[in-house]
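Below is one structure, written out as structure tokens; comments come after it.
The values are calculated or read from the model by the stated rules, or taken from the named source; none is laboratory data. Remember, it's a predicted structure, so these values are computed and weren't measured experimentally. Here the Cβ positions follow ideal geometry from the backbone for every residue, glycine too, while neighbour counts run over all protein chains shown. Ligands, DNA and RNA are stripped out before the accessible areas are found, and what is left, the full protein with its side chains, is counted by its heavy atoms. Shrake-Rupley method; radii C 1.70, N 1.55, O 1.52, S 1.80 Å.
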Amino acid sequence: MATANLLLHPVRMRILQTLVGAGELTTAQLRERLPDVAPATMYRHVATLTKAGILEVVQERPVRGTVERSYRVRQDEALVDEEARAEMTKDDHRQAFTVFTGAMMADLDRYLSRDDADPPREGVLYRQGAVWATPEEFAELVEELEALVARRTGHTPGDGRVRHIISLALVPDKATGEGDEDQVP
């Protein structure tokens, strides 16, 4: 599994977000979709992700004396697993969350910058909810959420499908006091 430093680098995160659900793309197609990333930077980060096994080369074909490669994300490797998260310091988590939320903000900004963006019609949603759960119930909730998203990741473009980015952050709210059973939620 990957480390947070590997996955949560701002450019690498954008490359992964662009590839997730897009099937396979060449570096030229990635550069078209991420025009603000310099070509040398793009190639370096694609190589890093490929070497780490997070991206895989799906196809190679000769193009004008060079080899053009198509890449796709290996979803099972594009995760910071429980062991890696356990090794992260609080500052590591702060930094990772900053990159994560920055990427969410950039996704929304790219969407809202489009002339045809229509948030209410297109179902843009951002909200928070709170649940009270035992550790076992919480683990079950996380498993259900991951399974729900995983069931939809196999869909491909076409048939009127629009790609949606789903971001999820789960944070304990200990400020209310653990064990305050007699508090009214």
Are there trypsin sites (Lys or Arg not before Pro) in segment 34-72 that DSSP puts in a loop and that have at most 15 other Cβ atoms within 10 Å, and which ones? ARG64
Per-residue ellipticity at 222 nm for the chain, helices alone: DSSP H runs ≥ 4 residues times -39500 (n - 2.57), over residue total, nearest 500 deg cm²/dmol? -14000 deg cm²/dmol
Over the chain, with every protein chain in place, what whole percent of the accessible area is carbon and sulfur at 1.4 Å, could you tell me? 53 percent
Using only Cα atoms, find the angle between the long axis of helix 90-112 and the longest principal axis of the chain, and express it within 0 to 90 degrees, rounded to the nearest 10. 60 degrees
Amide H within-cut-off set for LEU55, under 5 Å, with H built and near neighbours excluded: THR50, ARG74
Between THR26 and residues 5 or more places away or on another chain, which pairs have amide H atoms under 5 Å apart, with H built 1.01 Å from N, and which residues are they? TYR71
Mean shadow area (nm²) of the C-alpha convex hull around segment 129-169 is 3.7 nm²
Compute the FRET efficiency between ALA130 and ASP76 as 1/(1 + (r/R0)^6), taking r as their Cβ-Cβ distance and R0 = 30 Å, and round to the nearest 0.05. 0.45
Roughly how many Å² is the accessible area per residue of the chain, as a whole number, for a 1.4 Å probe? 75 Å²
Net charge near MET42 (other residues with Cβ under 12 Å of its Cβ; Lys, Arg +1; Asp, Glu -1) is +3
Within the chain, which is the longest segment that contains none of the GluC sites (Glu not before Pro) sitting in a DSSP loop with at most 11 other Cβ atoms within 10 Å? 1-177
Quick one: grab Rg to one decimal and Dmax as a whole number for segment 88-142, Cα atoms only, in Å. 16.2, 46
Any idea what diffusion coefficient the chain gets from Stokes-Einstein, in µm²/s, Kirkwood Rh on alpha carbon pairs, 37 °C, 0.692 mPa s? 173 µm²/s
